[in-house]
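Novice: So that we are looking at the same thing, I have put the structure below in structure tokens.
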Amino acid sequence: MVTTDTAFRIERLNIFYGEKRALKEVNFNIPAKAVTAVIGPSGCGKSTFIRCLNRMNDLIPVFRLEGKIEYDGMDIYSKEVDVIDIRRQIGMVFQKPNPFPKSIYENVAYGVRIQGFNKKESLDNAVETSLKKAALWDEVKDRIHESAFSLSGGQQQRLCIARALAVEPKVILFDEPCSALDPIATAKIEDLITELKKDYTVVIVTHNMQQAARVSEYTGFFMMGELIEFDNTQKIFTAPSNKMTEDYITGRFG
Amino acid sequence: MHRNLQKIKEKAIEKALFLSAFFSVFITLGIVGVLIFETFEFFKEVSVFDFLTDTQWTPLFAEKHFGIMTLFAGTLLTTVIAMSVSLPVGLISAIYLSEYASKKIRIAIKPALEILAAVPTVVYGYFALLFVTPLLQKVIPELSGFNSLSSGIVMGIMIIPIISSLSEDALHSVPMSLREGSMALGSTKFQTSIKVILPAALSGVAASFILGISRAIGETMIVAIAAGQQPRLTLNPLVPVETITAYIVQVSLGDTPTGTLEYKTIFAAGMSLFVVTFGLNMISYFLKKRFREVYE
Amino acid sequence: MDTKLRNRLYDKSFYIVGLFATLFGLIVLLTLLIDITIDGFSRLGWQFLTSYPSRKPEAAGVLSAWVGTVWVAAMTVVVAFPLGVSAATYLEEYSKKNWLREFIEINISNLSAVPSIIYGLLGLQLFVRGLNMDRSVIAGAMTLAILVLPLIIISTREAIRAIPTTIREASYALGATKWQTIRNQILPAAMPTILTGTILAISRAIGEASPLITIGALTYVAFLPTSPISLEFPYISLKGLFDPFSVLPIQIFNWVSRPQKGFWIDAAAGIMVLLIIVFFMNGIATYLRYRYEKRMRW
């Protein structure tokens, strides 16, 4: 079924928040340079799952992980691995646009700056390239030093994408990136995601099934902390092999 | 930057920040240490029994007496007067702000109350000595120029914002459902406030009172200016008294050489002050904490 | 009268009683301000600000007192601000919820309620005697810095807590380290509120008299600390830190304590100067908070 290279290899993944088990025995491979959607009813663990991929869950004190997540052949939870390196390779865009309370320019330049690159030329370059890739450059090039809060919600989310791209990651994780946006802004983000898969591995969590169908090649369906089914998006949406997937797809619950 | 170097830097910063946080513990240790040491020296020369039972305080005279009770009487008197002003006014104001006042009024009044709390105490001292005392003397002719009455009243006014603002926070965080429950039974706002909200917020309100008392006991400039410098064991609010704090100021203003018994008395007095206020602060802290655990 | 009517009467009258209780403090404040202005306005002027204290009330001024206040306040900020912000940062961003943090928290909360004169006793033994700083500007500033430290820590913690987690997440997701996140995102975003708290703390320090009296600050000072800037090499001098000083509240206290009425006028005029400084700082703090609340929409 999976013909492309594998980006993530997930083996017997179990996640606990204190006593509570959030994910149960999840096994699957996420292909590289493709869009993989993760769908499921709210509370099914899909957000928990995507936050494991760049170790954002490390920030939660009661979080505990069992099993293995390999990225590019490397166990990302092993002791020798530096979490900073992981996050530089695996970027993330969040549910609500969360620009820093700084200028548009500084938002994008930040990721580059913290790696120690401070030359104005290279920063300017990175900012322009990233904003272009995020299809935002034309809209903001004349007011790049204005506050990021002056942008609309959709523009802010594309700014957050540009900010993630500036670090030159290999993977971008989207955690319900359009849940706070109107349909027009959503369409722009979706176009962008389709564009990004040429160069990046993309994983997107969404509660919107049409969105999953529109942007992704592969889809995983989660329910109550378990991966119910993972397959080609087309297959999941037309001929799912699991009854629960079918019920969910056809809108019988969730 | 090289990651290993960065990691060392991160660790070093964390350690430095920890030391800054822990520094506050050293301050407490410093206070306790200094007070204990000098108080110990003091008790080498004066018996603890005399200190606690003597009814006179005359360390600066030829015939020396060290009855701390005398200073405590002054402190107690001014504190009681202050609390009898600030407690009812502060509490009524808190109930009003939390239960009655519209949002507009609250937003307008709260910053104004903050200004009241920002006025330096030396200013209140001036006000007590040169405005309130002459004013009261018109009503009570036998009131002397220095007295605990006017300094207590002014101190009470100074403490109103502490009590009203902290009590209001407590009242405000009582859940809406309690109000609705009471109102649904046909209670008026007043009945709801007094019989339901106030009891529910009691530990939070009590915490604000105790903090107010602690503040009154430790207040210095108002009493140093307006209450006088005559230690006497009395409950008469019309005559000059001396509080613990005012005594420390009195000695500090003079040229008392280090190491003398007079010098050590201010630490013994300070120790007494610290023990009392520390106890009150701890009670207030745990009352507040208990209140938070119930409602937040 | 029947119960229902009586209850309603109580309810209505509480509106009036409550409003009066709330306004009571403000009425007193207004009275105080008017009284002081009447007493002191005639003395307030250029000569008052540029003269040293004097034995003649009409010739006396607050020059050494306000210069001393500026010196001490500035040094207090220099000491207390970095220390307070560091401590608050540690408690909010690094420390885990354990007994040590609880212990430090109780300790800070307690320190914030310790009577200010106790800090004076500490300063007297530790800085004036122990470290041999004598009755200098630096000894006074250190004492006041320790006094306001808990206030700065408490307000900075609140400021940091108000920064949404999404900002932290955004920074971490870009591969920032903890310190990079704190230094570049959290502290700058919290800075207006931190400054508000710091200004209020310093304005409290400016009004304090008792700890400085306790450490032995002088009440009659007819000179200024050595100027920090000079025309000769090396242009900047910190010698002033080790000079004796007085501050406005002490000068006012000194004048109030005199039996001559003429000095009471000086005291009132001194209070006006002090209140202008304190209210001005409170004004800046309120303005900062207001502007920040308007600008930020997380």
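The values are calculated or read from the model by the stated rules, or taken from the named source; none is laboratory data. Worth saying up front: this structure is predicted, and the values here are computed from it rather than measured. No Cβ is skipped: glycine too gets one built from the backbone with ideal geometry, and neighbour counts run over all protein chains shown. Ligands, DNA and RNA are stripped out before the accessible areas are found, and what is left, the full protein with its side chains, is counted by its heavy atoms. Shrake-Rupley method; radii C 1.70, N 1.55, O 1.52, S 1.80 Å.
Novice: If a residue must be open to solvent by 60 Å² or more (accessible area, probe 1.4 Å) and either part of a helix (DSSP H, G or I) or in contact with a His (Cβ under 7 Å, 6 or more places away or on another chain) (or both), how many such residues does region C:224-275 contain?
Specialist: Qualifying residue count, region C:224-275: 4.
Novice: Ok, one more. Hey, can you tell me all the residues within region C:139-171 that are of a type in the set (Ser, Thr, Tyr), surrounded by fewer than 24 Cβ atoms within 10 Å (Cβ to Cβ) and closer than 30 Å to A:VAL112 by Cβ?
Specialist: Those that are of a type in the set (Ser, Thr, Tyr), surrounded by fewer than 24 Cβ atoms within 10 Å (Cβ to Cβ) and closer than 30 Å to A:VAL112 by Cβ: C:THR165, C:THR166.
Novice: Would you pick out the residues in region C:230-258 that are of a type outside the set (A, V, I, L, M), farther than 19 Å from C:ALA73 by Cα and more than 10 Å from every other protein chain (Cβ to nearest Cβ)?
Specialist: Answer for region C:230-258, where residues must be of a type outside the set (A, V, I, L, M), farther than 19 Å from C:ALA73 by Cα and more than 10 Å from every other protein chain (Cβ to nearest Cβ): C:SER230, C:GLU232, C:PHE233, C:PRO234, C:TYR235, C:ARG258.
Novice: Moving on. Does A:ASP124 meet the test of being of a type in the set (Asp, Glu) and part of a helix (DSSP H, G or I)?
Specialist: Answer is yes for this residue.
Novice: Given the conditions (1) open to solvent by less than 30 Å² (accessible area, probe 1.4 Å); (2) away from chain C (no Cβ under 12 Å), which single one is not true for B:HIS65?
Specialist: Of everything listed in (1) open to solvent by less than 30 Å² (accessible area, probe 1.4 Å); (2) away from chain C (no Cβ under 12 Å), B:HIS65 misses just condition (1).
Novice: Considering only region B:170-228, give the helices (runs of 4 or more DSSP H) lying wholly within it that have at least 3 residues that are under 21 Å from the mean Cα position of the chain (by Cα).
Specialist: B:202-218, B:221-226
Novice: For region C:24-41: of the residues being more than 8 Å from chain B (Cβ to nearest Cβ) and part of a helix (DSSP H, G or I), which is most open to solvent (accessible area, probe 1.4 Å)?
Specialist: Applying the filter and picking the extreme gives C:ILE38.
Novice: Return yes or no: is B:LEU29 more than 7 Å from every other protein chain (Cβ to nearest Cβ) and open to solvent by 100 Å² or more (accessible area, probe 1.4 Å)?
Specialist: yes
Novice: How many residues does region A:111-125 hold that are touching a residue at least 12 places away in the same chain (Cβ under 8 Å) and open to solvent by 10 Å² or more (accessible area, probe 1.4 Å)?
Specialist: 2
Novice: Can you find, within region C:98-132, the residue that is most open to solvent (accessible area, probe 1.4 Å) among those that are more than 8 Å from chain B (Cβ to nearest Cβ) and not in a helix (DSSP H, G or I)?
Specialist: Filtering first and then ranking leaves C:ASN132.
Novice: Now, a different point. Of all residues being within 8 Å of chain A (Cβ to nearest Cβ) and out of contact with any helix residue (DSSP H, G or I) (no Cβ under 6 Å at 6 or more places or on another chain) in region C:174-185, which is surrounded by the fewest Cβ atoms within 10 Å (Cβ to Cβ)? Just the residue, please.
Specialist: Checked region C:174-185; the qualifying residue surrounded by the fewest Cβ atoms within 10 Å (Cβ to Cβ) is C:ASN184.
Novice: Filter region C:1-23 down to the residues that are more than 7 Å from chain B (Cβ to nearest Cβ) and of a type in the set (A, V, I, L, M, F, W, C), then identify the one that is least open to solvent (accessible area, probe 1.4 Å).
Specialist: C:LEU23
Novice: Go through (1) in a helix (DSSP H, G or I); (2) facing chain C (nearest Cβ under 10 Å) one by one and return the number of the condition B:ASP255 breaks.
Specialist: All conditions are met except number (1).
Novice: Do you know which of the residues in region A:37-82 that are in a strand (DSSP E or B), open to solvent by 30 Å² or more (accessible area, probe 1.4 Å) and of a type outside the set (Lys, Arg) is nearest to the other protein chains (Cβ to nearest Cβ)?
Specialist: A:PHE63
Novice: Take B:LEU280 and decide whether it is under 20 Å from C:GLY216 (Cα atoms), facing chain C (nearest Cβ under 10 Å) and open to solvent by 30 Å² or more (accessible area, probe 1.4 Å).
Specialist: Answer is no for this residue.
Novice: Is at least one residue of region B:235-253 open to solvent by 10 Å² or more (accessible area, probe 1.4 Å) and of a type in the set (Asp, Glu)?
Specialist: Checked region B:235-253: no residue is open to solvent by 10 Å² or more (accessible area, probe 1.4 Å) and of a type in the set (Asp, Glu).
Novice: Which numbered condition trips up C:ARG289, out of (1) open to solvent by 50 Å² or more (accessible area, probe 1.4 Å); (2) farther than 30 Å from A:PHE100 by Cβ?
Specialist: (2)
Novice: Could we say that C:THR196 is free of Cβ contacts under 8 Å to residues at least 24 places away in the same chain and within 14 Å of chain B (Cβ to nearest Cβ) here?
Specialist: No.
Every residue, every condition in (1) among the small types (Gly, Ala, Ser); (2) open to solvent by 10 Å² or more (accessible area, probe 1.4 Å); (3) at pLDDT 90 or above, yes or no:
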{"position": "B:LEU198", "(1), (2), (3)": "no, yes, no"}
{"position": "B:LEU211", "(1), (2), (3)": "no, yes, yes"}
{"position": "B:SER214", "(1), (2), (3)": "yes, no, yes"}
{"position": "B:VAL223", "(1), (2), (3)": "no, no, yes"}
{"position": "B:LEU233", "(1), (2), (3)": "no, yes, no"}
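A quick yes/no check of all residues on (1) open to solvent by less than 20 Å² (accessible area, probe 1.4 Å); (2) at the interface with chain C (Cβ under 10 Å from one of its Cβ atoms); (3) over 30 Å from C:ALA88 (Cβ atoms):
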{"position": "B:SER24", "(1), (2), (3)": "yes, yes, no"}
{"position": "B:ILE36", "(1), (2), (3)": "no, no, no"}
{"position": "B:THR39", "(1), (2), (3)": "yes, no, yes"}
{"position": "B:ASP50", "(1), (2), (3)": "no, no, yes"}
{"position": "B:ASP54", "(1), (2), (3)": "no, no, yes"}
{"position": "B:LEU60", "(1), (2), (3)": "no, no, yes"}
{"position": "B:VAL80", "(1), (2), (3)": "no, no, yes"}
{"position": "B:VAL89", "(1), (2), (3)": "no, yes, yes"}
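Novice: Is one or more of the residues making up region C:142-150 within 7 Å of another protein chain (Cβ to nearest Cβ), more than 22 Å from C:ALA74 (Cβ to Cβ) and either aliphatic (A, V, I, L, M) or assigned to a helix (DSSP H, G or I) (or both)?
Specialist: no
Novice: Quick one: count up the residues across region A:83-110 that are of a type outside the set (A, V, I, L, M, F, W, C), open to solvent by less than 20 Å² (accessible area, probe 1.4 Å) and not in a strand (DSSP E or B).
Specialist: So the answer is 5.
Novice: A:SER150 passes all but one of (1) among the polar types (S, T, N, Q); (2) under 18 Å from A:GLY111 (Cβ atoms); (3) within 14 Å of chain C (Cβ to nearest Cβ); which number fails?
Specialist: Of the numbered conditions (1) among the polar types (S, T, N, Q); (2) under 18 Å from A:GLY111 (Cβ atoms); (3) within 14 Å of chain C (Cβ to nearest Cβ), the odd one out for A:SER150 is (2).
Novice: Output the residues belonging to region B:139-180 that are open to solvent by less than 40 Å² (accessible area, probe 1.4 Å), over 30 Å from B:GLY228 (Cβ atoms) and more than 11 Å from chain C (Cβ to nearest Cβ).
Specialist: Of everything in region B:139-180, those that are open to solvent by less than 40 Å² (accessible area, probe 1.4 Å), over 30 Å from B:GLY228 (Cβ atoms) and more than 11 Å from chain C (Cβ to nearest Cβ) turn out to be B:SER167, B:ALA170, B:LEU171, B:SER173, B:VAL174, B:ARG179.
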